[in-house]
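The values are calculated or read from the model by the stated rules, or taken from the named source; none is laboratory data. All figures in this text were calculated on a predicted structure; none of them were measured in a lab. Cβ placement follows ideal geometry from the backbone for every residue including glycine, while neighbour counts extend to all protein chains displayed. Heavy atoms of the whole protein, side chains included, go into the accessibility calculation; ligands, DNA and RNA do not. Shrake-Rupley method; radii C 1.70, N 1.55, O 1.52, S 1.80 Å.
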Amino acid sequence: MNILIIKWGALGDLIASTPAIRSVRESYPDSKITLLTNKLMTQILPPGFIVDEHIIVNTDRNKVKDSLPRQIATVFGLRKRKFDLTLNLRWTSERAALIAYLSGAARRAGSGPEKMKNLYTDFIPHPKGRYHEIHRNLDIVKAAGCQKITDAPIVAVSREDEEFANKIFDESFEKEKPVLCIHPGASRPVRAWLPDRFAEIGKRFVKKYNGNVLLTWGKGEEELVKFVAHEIGDGAVICKSTDTIGKLAAVIKKSTLFFSNCTGPMNVAVAAGTPVVALLASSDPVDWGAYGDIHLNIKSPLVLESYTDEDERRAMEALETDYVWELLSQRFETIIREGKNAG
């Protein structure tokens, strides 16, 4: 079978789609699977790892190179490939629904937008209300006939990525000490907990558990992690630049516990299999929290139907340090009792 899967988006969106894509591969092991996606996905699921090929599209509509003629050329290119099945995991996108229809596949499965349901041969309406993004994607592939279903996200980690992480841990930490990996950044500053509170959690972790703190960071967050590391003092290490998602996943995988805002690296940690403690403001854990029983999502006590930027900031500020520390330390002690290896 020749299968096209449509999925582009931000880091968290893409990782949330990997269980569905993996389920397609396990259900149809001999099929050719092509992803229509953005460039970021080539790091998460590179060609030859679950999928066979990527077709890269520019998802920024404001870019001149993603003009109407270019989109038309993309559609004609898809039709030439003669797909048997198209799965649209961009269920909120009108553009993706139209591409699914124009792909020429005899069978087309998706769940939105509702007003475009006639473009599909298999339309799968989502349950109303809160529902995790992972299950929204899985519902689509289940309806398309997939029998072998997994809900575990995945990120490709190469041997080079593992060696990168091993070197950091060998040079920075004693093997018997637990490591708390903290990622204090967020996609927008208003969605991040206060830097001094992250630092306070780090200080308490070092003092109470004789542990270490590893600070990971993304583009533009260098000064943030320098501040947090300085405030923590002894025991804090700033991670080397993780210039690929695989390197970030490898570093997190070696950590005892991962602590962050609800952001892309949180999803990387879930895929890496390291227990997560995540802080959420406007995001609801049922929709976008760290997925799985080993993780802890701490929702702000300020719960609103909708959030302005000011509300986002207030919601994060409402998460008191003592409250977060109590829950995080309880989670850490449970991990240790259950035998999660440090380092």
Filter pass, residue 283 being closer than 21 Å to residue 196 by Cα and either within 18 Å of the chain's Cα centre (by Cα) or crowded, with 22+ Cβ neighbours inside 10 Å (or both): no
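Given the residues 102, 119, which is the only one that is farther than 20 Å from residue 267 by Cβ, among the hydrophobic types (A, V, I, L, M, F, W, C) and open to solvent by 50 Å² or more (accessible area, probe 1.4 Å)?
102
Which one is surrounded by the most Cβ atoms within 10 Å (Cβ to Cβ) among residues in region 311-326 that are without any contact (Cβ under 8 Å) to a residue 40 or more places away in the chain and more than 13 Å from residue 197 (Cα to Cα)?
315
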So residue 141, is it β-branched (Val, Ile, Thr), assigned to a helix (DSSP H, G or I), modelled with pLDDT of 95 or more and surrounded by 15 or more Cβ atoms within 10 Å (Cβ to Cβ): yes
Which numbered condition residue 50 fails, given (1) closer than 13 Å to residue 5 by Cα; (2) buried (at least 21 other Cβ atoms within 10 Å of the Cβ): (2)
Selection count, region 245-261, where residues are farther than 14 Å from residue 217 by Cα and either open to solvent by 10 Å² or more (accessible area, probe 1.4 Å) or among the basic types (Lys, Arg) (or both): 2
Sole exception among (1) more than 18 Å from residue 151 (Cβ to Cβ); (2) open to solvent by less than 40 Å² (accessible area, probe 1.4 Å); (3) in contact (Cβ under 8 Å) with a residue 24 or more places away in the chain; (4) assigned to a helix (DSSP H, G or I) for residue 266, by number: (1)
Selected residue (criterion: nearest to residue 190 (Cα to Cα)) from residues of region 218-234 that are in contact with a helix residue (DSSP H, G or I) (Cβ under 9 Å, 6 or more places away or on another chain) and open to solvent by 50 Å² or more (accessible area, probe 1.4 Å): 227
Pair list, Cβ under 9 Å, 6 or more apart: region 40-55 residue in a strand (DSSP E or B), other residue surrounded by 15 or more Cβ atoms within 10 Å (Cβ to Cβ) and of a type in the set (Val, Ile, Thr): 53/33; 53/34; 54/34; 54/37; 54/42; 55/34; 55/37; 55/74
Single residue of region 200-217 satisfying the filter (free of Cβ contacts under 8 Å to residues at least 40 places away in the same chain and more than 21 Å from residue 242 (Cα to Cα)) that is most open to solvent (accessible area, probe 1.4 Å): 207
